[in-house]
Amino acid sequence: MELFDTHFHLDGDVGAETALAAMRADWARIAERFREPLTRLYLLCAGGTPEESSRARKFAEAVPDGYFAAGIHPHEAAANRRRCGEFAEFRGHAKLKAVGEIGLDYFYDFSEPAIQREVLAEFLALALEWDLPAMLHLRDRDGADGAYRDALEYLRDFAAAGGRFVVHCYAGDAGFAEKFLELGGYFGVTGLYTFKAASNVREALARIPTERLLIETDSPYLTPVPYRGRPNTPAMVGLVAERLGADRGMTPEEAAAAFTANGKRFYNIG
């Protein structure tokens with residue numbers, strides 16, 4: 001059985017061996033839920049600054065089934081807006097599979113919205129130039145939808161130019177999900193999907209075809225049930241696959257196969 005965590009973060013400056021040891025320990029905890037042994041765990045490490053992207057690249061280079069994404073997270077847009085040129089060093093790397101984590105976050109005020117939009121536009125252009133998918137972070141204040149509306153405007157032009165994208169950790173409503181779907185978008189599903197209070201997320205994603213869903217952990221955050229309260233690792237992506245698949249009438253093994261295949265197809269991994 002194969003699994004693919006299509007979006008995670010290294011916890012601080014932890015090295016590849018330490019990260020892999022934590023993943024193996026977590027898999028040992030949840031393996032009894034699956035009838036088949038885990039034979040491969042594909043891993044895509046996301047970067048949100050030049051430094052994080054470099055660490056993600058180093059991890060990917062050290063792990064046979066490891067890959068990375070490079071970008072500027074919206075929280076970091078103001079502090080790093082003049083550093084976009086530094087990402088040229090990643091171009092053409094065999095293990096670079098996406099431009100990201102990029103996007104818009106109006107929930108926090110770490111970067112002004114106008115600066116976030118400026119950086120998003122620059123990295124979407126980079127994704128087109130490098131022929132890579134964009135990995136998007138979108139978040140709004142409760143009851144607001146400005147980040148989704150603004151992102152949609154950029155993504156219309158991006159998709160029309162041939163761009164591919166995934167809205168990582170999707171937490172928007174069903175209406176925006178349908179709009180992103182019409183543009184060819186994919187949707188990342190994290191441990192948030194397993195939370196009791198996340199019925200709105202489950203309802204929105206229920207409308208999305210299985211072939212447009214990617215599983216991810218966003219670790220070390222969003223630890224899935226039943227392990228909330230402790231740090232998350234990519235091995236816990238199996239719990240996301242299990243719950244998401246169960247809601248679609250799939251066995252854990254069927255879900256693992258389907259969502260892993262989606263991730264490999266989207267990120268062009270043979």
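Select from the stretch 165-215 the residues that are in contact with a Phe, Trp or Tyr (Cβ under 7 Å, 6 or more places away or on another chain) and part of a loop (DSSP other than H, G, I, E, B) and write down the one among them that is modelled with the lowest pLDDT. Selected residue: Gly172. Against the numbered list (1) more than 16 Å from the chain's Cα centre (by Cα); (2) touching a residue at least 24 places away in the same chain (Cβ under 8 Å); (3) closer than 26 Å to Glu211 by Cα; (4) assigned to a helix (DSSP H, G or I), Glu153 comes up short only at (2).
Every residue, every condition in (1) in contact with a Gly (Cβ under 6 Å, 6 or more places away or on another chain); (2) open to solvent by less than 50 Å² (accessible area, probe 1.4 Å); (3) modelled with pLDDT under 95, yes or no:
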position: Leu43; (1), (2), (3): yes, yes, no
position: Lys58; (1), (2), (3): no, no, no
position: Leu96; (1), (2), (3): no, yes, no
position: Glu101; (1), (2), (3): yes, yes, no
position: Phe110; (1), (2), (3): no, no, yes
position: Arg117; (1), (2), (3): no, no, no
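Leu124 - would you say it is within 20 Å of Ala159 (Cα to Cα), modelled with pLDDT of 95 or more and not hydroxyl-bearing (Ser, Thr, Tyr)? Considered against the rule, which asks whether it is within 20 Å of Ala159 (Cα to Cα), modelled with pLDDT of 95 or more and not hydroxyl-bearing (Ser, Thr, Tyr), Leu124 comes out as yes.
For the stretch 196-224, the tally of residues that are open to solvent by 10 Å² or more (accessible area, probe 1.4 Å) and small (Gly, Ala, Ser) stands at 3.
When His168 is tested against the conditions (1) open to solvent by 10 Å² or more (accessible area, probe 1.4 Å); (2) more than 13 Å from His75 (Cβ to Cβ); (3) not β-branched (Val, Ile, Thr), the lone failure is (1). Tallying residues that are of a type in the set (Phe, Trp, Tyr) and either closer than 23 Å to Gly270 by Cα or touching a Ser or Thr at 6+ places or on another chain (Cβ under 9 Å) (or both) within the stretch 88-106 yields 1. Scanning the stretch 130-158 for residues that are under 15 Å from Gly103 (Cα atoms) and hydrophobic (A, V, I, L, M, F, W, C) gives Ala134, Met135, Leu136, Leu138, Ala147, Ala151, Leu152, Leu155, Phe158.
For the stretch 225-270, a residue qualifies if it is out of contact with any Asp or Glu (no Cβ under 9 Å at 6 or more places or on another chain), assigned to a loop (DSSP other than H, G, I, E, B) and surrounded by 20 or more Cβ atoms within 10 Å (Cβ to Cβ), and exactly one does: Tyr267. Condition check for Glu182 on (1) under 20 Å from Pro209 (Cα atoms); (2) touching an Asp or Glu at 6+ places or on another chain (Cβ under 9 Å); (3) loosely packed, with under 14 Cβ neighbours inside 10 Å: one failure, at (2).
Where residues in the stretch 8-41 are modelled with pLDDT of 95 or more and touching a strand residue (DSSP E or B) at 6+ places or on another chain (Cβ under 7 Å), which of them is surrounded by the most Cβ atoms within 10 Å (Cβ to Cβ)? Here the answer is Phe8.
The values are calculated or read from the model by the stated rules, or taken from the named source; none is laboratory data. Quick caveat, the model's predicted, so the values are computed rather than measured. Heads up, the Cβs are rebuilt from the backbone with ideal geometry, glycines too, and the neighbour counts pull from every protein chain shown. In case anyone asks, the SASA skips ligands and DNA or RNA and just uses the protein heavy atoms, side chains included. Shrake-Rupley method; radii C 1.70, N 1.55, O 1.52, S 1.80 Å.
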